[in-house]
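Presented below is the structure to which this report refers.
The values are calculated or read from the model by the stated rules, or taken from the named source; none is laboratory data. Just so we're clear, the structure is a prediction, and the values are computed from it rather than from any experiment. Neighbour counts are summed over all protein chains in view; Cβ atoms, including those assigned to glycine, are modelled from backbone coordinates with ideal geometry. Ligands, DNA and RNA are excluded from the accessible area calculation, which covers all protein heavy atoms including side chains. Shrake-Rupley method; radii C 1.70, N 1.55, O 1.52, S 1.80 Å.
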Amino acid sequence: MKALVKKGPGEENIGLEQLDKPSAGESEVLVKVHATGICGTDVHILKDEYPANYPVALGHEYSGYIEEVGSKITNFKKGDRVVSHTAAVTCGNCYYCKHGLLMLCEERKSIGSGVNGAFAEYVVVPAELTYKIPENISMDEAALSEPLACIVRSVIERATVKAGDSVIVSGPGTIGLLTQQVVQASGGNVTVVGTSQDRARLELAKELGAMDIIVVDDEREQEKLQSIMGTFDVAFECSGVAPSADNCLHLLKKTGLYVQVGLFGKKILFDHDLALMKEINITNSYASEPTSWVRALQLLESEKVNVKPLISNKLPLEEWEKGFDIVMNKGGFKVLLEPNE
Ligand SMILES: [Zn+2]
Ligand SMILES: [Zn+2]
C-alpha cells in the first residue's frame with residue numbers, strides 16, 4: 001500500500017513509499033482510510049519540532065471503513081464507518097492509562113508519529129479506541145473528529161466555560177474555529193482574534209457565530225483592542241505563537257482562565273509575573289481522552305458543531321506536498337488527503 005512516510009530527521013526525509021498492507025491483531029481493526037486531515041502536528045513533525053519514531057507513516061485525523069476485524073472483536077464488522085483515538089499503543093497499567101489519560105502514558109505511541117498512521121491506504125488501530133460515525137455525518141466531516149475531540153478536552157474537560165462567559169479564542173485556524181463552536185455550545189460568547197493573514201478565517205468565525213472578530217495587527221483596530229483589555233473570563237490560545245499568548249494574558253480579566261491549546265514547537269517567553277499579579281489560572285490541554293471522543297461525536301451528530309465549512313481542500317495522497325504547502329501558508333482551512341483516490 002502507498003503511504004506518506006517520514007524516514008528520519010530533516011525536512012527532505014519524507015515521501016510516498018510502498019509499505020506492506022498491515023493486518024489486524026486479535027484486538028485490533030484494519031481500517032481502509034477514506035480521508036485524513038493535515039494537522040499542525042504533521043507540520044511540526046515535518047520540521048522536526050515534534051517527536052516521531054522513524055520511519056513512520058504520518059497522519060492521525062482520519063475516517064475510514066472497517067476492512068478486517070481481529071479474532072476477538074465482535075462489535076465491528078466489515079464496512080462499518082469509523083474513526084479512532086490516536087493512542088494506538090499504551091502500557092495499560094500506569095496511573096495515566098488507568099485514569100483514561102492515554103496521551104500521558106510514558107509508553108504511548110500514537111498513530112502518525114509513534115506507529116504508522118493514516119496518510120496511507122490502510123491503518124491498524126485498537127478496536128477499543130474505535131468509534132462508529134453517526135449516520136448523519138459524512139466521511140469527510142468525520143475526518144475532523146480527532147481535532148474536535150482534542151477541543152472537547154480543552155473546552156469541556158480541562159477548562160470550564162459557563163453560560164454567558166466572555167471568551168477569547170486567539171488563532172482562527174481549524175483548532176480555533178472548533179474551539180469557538182464548542183465554547184458557543186457551552187453558552188460562552190466568543191471574540192476571535194487573528195492577524196491580517198487570517199481575514200478569511202475571521203470572516204468564517206463571524207459566520208459561525210462569533211460575537212466579534214479582531215485583527216490584532218490592523219492599526220485601525222488598536223483602539224478597540226485596548227478598550228477590551230482585561231475584560232475576558234477565559235482565553236484559549238490556539239495559534240501556538242508567543243505574541244498570541246501574551247495578548248491572551250492581557251485580554252483576560254484578573255482571576256481569568258488561560259488555556260493553552262496550540263503547540264509552540266519551541267520554548268517561548270511568557271510573562272509569568274503578569275499572570276501571577278493578575279492571579280490568572282493557567283491550564284494546558286494535550287490531545288484527548290476516550291471520553292472526549294464520545295462527546296465530540298455527540299456534538300457532530302446533534303449539529304452543535306459544524307465542521308463542513310472548515311474543509312477547504314481535498315487532494316489525493318499523491319498531492320501531499322501541495323496540501324502541506326496550503327497548510328503552511330495558511331491558504332485554506334482543513335486540507336484532507338485521500339489515500340484511496
Ligand atoms: Zn491533529
Ligand atoms: Zn500507561
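Couple of notes before you dig in:
- Note that segment 50-65 has calculated 3J(HN,Hα) couplings of 9, x, 9, 9, 6, x, 8, 6, 7, x, 9, 9, 10, 10, x, 10 Hz, one per residue in order, obtained from phi through the Karplus relation 6.51 cos²θ - 1.76 cosθ + 1.60 (θ = phi - 60°); glycine and proline are x.
- Rounded to the nearest 500, the helix-only mean residue ellipticity at 222 nm of the chain stands at -7000 deg cm²/dmol, with each DSSP H run of n ≥ 4 adding -39,500 (n - 2.57).
- Based on Cα contacts under 8 Å between residues 6+ apart, segment 261-341 shows a relative contact order of 23 percent.
- In segment 281-320, the GluC sites (Glu not before Pro) that fall in loop regions by DSSP, at most 16 other Cβ within 10 Å: Glu303
- Efficiency of FRET between Glu157 and Ala242 - r from beta-carbon atoms, R0 22 angstrom, step 0.05: 0.30
- With DNA, RNA and ligands ignored, accessible area of Arg158 (1.4 Å probe; Å², nearest 10): 110
- Cα→Cβ-extended label distance, 7 Å offset, between Gln18 and Glu135, nm: 4.2
- For segment 215-341, size of Cβ-based charge dipole, Lys and Arg +1, Asp and Glu -1, in debye: 300
- Heavy-atom SASA rank of Trp293, Trp320 (probe 1.4 Å, accessible area, largest first): Trp320, Trp293
- Cα centroids of segment 152-221 and segment 316-341: 24 Å apart.
- Legend: residues Met103, Met1, sorted from most to least accessible area (1.4 Å probe; ligands, DNA and RNA excluded), read Met1, Met103.
- Largest accessible area first, the listed residues Lys314, Lys267 line up as Lys267, Lys314 when surface is computed with a 1.4 Å probe on the assembled protein chains.
- Taking every alpha-carbon pair under 8 Å whose residues sit at least 6 apart, segment 150-284 reaches a relative contact order of 23 percent.
- For Lys314, distant residues with modelled amide H under 5 Å away: Leu336
- Separation of alpha-carbon centers, segment 26-66 and segment 236-259, rounded to whole Å: 29
- Nitroxide proxy distance, nm - points 7 Å out along Cα→Cβ at Ser196 and Glu321: 3.1
- If a spin label sat at a point 7 angstrom from the Cα of Thr291 along the line to its beta carbon, the backbone N atoms of segment 88-116 nearer than 17 Å would be those of 95-105.
- Zone of Gln298's modelled label, taken as backbone nitrogen in segment 69-87 under 20 Å from a point 7 Å along Cα→Cβ: 83-86
- Tyr258 sits with roughly 10 Å² accessible to a 1.4 Å probe, with DNA, RNA and ligands left out of the calculation.
- Here the chain exposes an accessible surface that is 48 percent carbon and sulfur, computed with a 1.4 Å probe and the other protein chains kept in place.
- Segment 17-140, accessible area per residue, ligands and nucleic acids excluded (1.4 Å, Å²): 44
- Per-residue HN-Hα couplings for segment 208-216 [Karplus 6.51, -1.76, 1.60; θ = phi - 60°; Hz; x = Gly/Pro]: 7, x, 4, 5, 7, 10, 9, 9, 5
- Relative contact order (%) - criterion: Cα under 8 Å, at least six apart; region: the chain: 18
- Nearest-20 debye value, the chain charge dipole, Cβ charges on Lys, Arg, Asp, Glu: 600
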